[in-house]
Amino acid sequence: MKILITGAAGFIGSAVYRWLLANSDSHVVIVDKMTYAATLDIAAASANPHTVVELVDICDCAEVARLFRQHRPGFVMHLAAESHVDRSIDGPQPFIDTNIVGTYVLLEAARAYWLDLPTPAREAFRFHHISTDEVYGSLGPAGAFTEDTAYAPNSPYAASKAASDHLARAWHHTFGLPVVMSNCSNNYGPYQFPEKLIPLVTLNAIAGKPLPVYGTGSNIRDWLYVDDHAAALALILTRGRVGERYNVGGNAERTNIAVVRSICRILDELLPHSPHRPHEKLITFVADRPGHDQRYAIDATKIRRELGWEPKESFETGLRKTVAWYLANKAWVEAIRSRYGGERIGLSASVQSP
């Protein structure tokens, strides 16, 4: 089968691409505009006979239409998005452009293409829209997000993703486009751009730099190993019910400070001769970001019941694999660090540790 994946050079998109190559006979059309957060080796991907690389902005109507005419995919996996909450607070415009306008452009191009397909191909076609649990807002101390939870996005990023979800749903219900949707909890794993918590803390600790933690570190997230997410997305694409939404979570709630301390303990063990041990001494509490949601948690009962998916990695095994990967891939880290040094974490001076 031929799958067009938008955002395939990003963290989750590249994990999906690698998973498909390893676990299926799929031919993949990589669509990405290669923003600062792209981590896929495009040269290596281009050399793969099962892959075509298209450096295209999904906001470009003419180019997106060309992609469908030229490559004639049977499936679309839409992962292209601006995704970092902090950056959306500093400058929302790229999030509006890519996440909302880009999704509209892609849906319209997919609809025009789908309508012209012969009947068997039209019936088999699927558009998988991939989103986040942040669209649901913030939870209290109990409960979890289900597929029926009302939307209450609190950041510009979350609002832009909520809008894109609504567009995808509307294109199914109004025009009949065969859409499936999914919303995931916080992903982590190899190849993640180091503006996110786990790689930022890991790489800063290795270098002996401060480990910035917002507020008191009490905010809670449900963590999902990215390869487990990739497997779930492939299942949803091929076996999910059209018009349905599936929540994907790792069943691994942790406070941010607990995550940071776990990374420190792993590094203390893996780097016994590091001059920065114990790495916890590098923890620095910084002023909280505006509108910081307190807690996310995913109820993944539906995907488990309908599709038989379960995460393979616990948080402990996944985190150890992740930290070990960053230690073993110094060339990748150096290339990323040459263009990003963790500039935007903490909005003001450090605050006293609780």
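The values are calculated or read from the model by the stated rules, or taken from the named source; none is laboratory data. None of the values given here were measured: they were computed from a predicted structure. Cβ atoms come from the backbone with ideal geometry, glycine included; neighbour counts cover every protein chain shown.
In the range 275-307, of all residues being free of Cβ contacts under 8 Å to residues at least 60 places away in the same chain and assigned to a loop (DSSP other than H, G, I, E, B), the one that is surrounded by the most Cβ atoms within 10 Å (Cβ to Cβ) corresponds to 300. Filtered by the rule that a residue be in contact with a strand residue (DSSP E or B) (Cβ under 9 Å, 6 or more places away or on another chain) and among the hydrophobic types (A, V, I, L, M, F, W, C), the range 45-57 gives 45, 52, 53, 55, 56. Residues in the range 199-217 that are under 30 Å from residue 103 (Cβ atoms), out of contact with any Asp or Glu (no Cβ under 7 Å at 6 or more places or on another chain) and surrounded by fewer than 24 Cβ atoms within 10 Å (Cβ to Cβ): 200 alone. Every condition in (1) exposed (fewer than 14 other Cβ atoms within 10 Å of the Cβ); (2) assigned to a helix (DSSP H, G or I) holds for residue 140 except the one numbered (2). Has the range 32-50 got any residue that is of a type in the set (Lys, Arg), touching a Ser or Thr at 6+ places or on another chain (Cβ under 9 Å) and either surrounded by fewer than 20 Cβ atoms within 10 Å (Cβ to Cβ) or part of a loop (DSSP other than H, G, I, E, B) (or both)? Within the range 32-50 (the criterion being of a type in the set (Lys, Arg), touching a Ser or Thr at 6+ places or on another chain (Cβ under 9 Å) and either surrounded by fewer than 20 Cβ atoms within 10 Å (Cβ to Cβ) or part of a loop (DSSP other than H, G, I, E, B) (or both)), the answer is yes, since at least one residue qualifies. Residues in the range 286-344 that are at pLDDT 95 or above and among the acidic types (Asp, Glu): 299, 306, 310, 313, 316.
Residues that are modelled with pLDDT under 95, hydrophobic (A, V, I, L, M, F, W, C) and in a helix (DSSP H, G or I): does the range 102-110 have at least one? The answer is no; no qualifying residue exists.
Of all the residues in the range 1-31, those that are free of Cβ contacts under 8 Å to residues at least 60 places away in the same chain and either closer than 20 Å to residue 114 by Cβ or not in a helix (DSSP H, G or I) (or both) number 8. Summed over the range 165-196, the residues that are part of a strand (DSSP E or B), farther than 30 Å from residue 339 by Cβ and touching a Pro at 6+ places or on another chain (Cβ under 9 Å) give a count of 0. For first residues located in the range 58-86 and assigned to a loop (DSSP other than H, G, I, E, B), partners that are basic (Lys, Arg) and modelled with pLDDT under 95 and lie 6+ apart or on another chain with Cβ distances below 8 Å form the pairs 84/196. Against the conditions (1) surrounded by fewer than 24 Cβ atoms within 10 Å (Cβ to Cβ); (2) modelled with pLDDT under 95, residue 83 satisfies every one except (1).
In the range 251-274, what residues are acidic (Asp, Glu), crowded, with 18+ Cβ neighbours inside 10 Å and in a helix (DSSP H, G or I)? Spell out how you get there, then give the answer.
Our first condition is that a residue be acidic (Asp, Glu); within the range 251-274, this holds for 253, 268-269.
Then drop every residue that is not crowded, with 18+ Cβ neighbours inside 10 Å, which leaves 253.
Correct list: empty.
All conditions but one from (1) in a helix (DSSP H, G or I); (2) among the hydroxyl-bearing types (Ser, Thr, Tyr); (3) closer than 30 Å to residue 114 by Cα apply to residue 202; the one that does not is (3).
Just to be sure, is residue 248 over 23 Å from residue 36 (Cα atoms), surrounded by 23 or more Cβ atoms within 10 Å (Cβ to Cβ), at pLDDT 95 or above and among the aliphatic types (A, V, I, L, M)? Judged against the criteria, residue 248 is a match.
Name the residue, out of 82, 134, that is among the charged types (D, E, K, R) and either within 22 Å of residue 39 (Cα to Cα) or touching a Phe, Trp or Tyr at 6+ places or on another chain (Cβ under 6 Å) (or both). Spell out the reasoning first.
Numbers: 134 fails: either within 22 Å of residue 39 (Cα to Cα) or touching a Phe, Trp or Tyr at 6+ places or on another chain (Cβ under 6 Å) (or both).
That would be 82, the only listed residue that is among the charged types (D, E, K, R) and either within 22 Å of residue 39 (Cα to Cα) or touching a Phe, Trp or Tyr at 6+ places or on another chain (Cβ under 6 Å) (or both).
The set of residues from the range 325-340 being exposed (fewer than 15 other Cβ atoms within 10 Å of the Cβ) and farther than 22 Å from residue 157 by Cβ comprises 328, 329, 330, 331, 334, 335, 337, 338.
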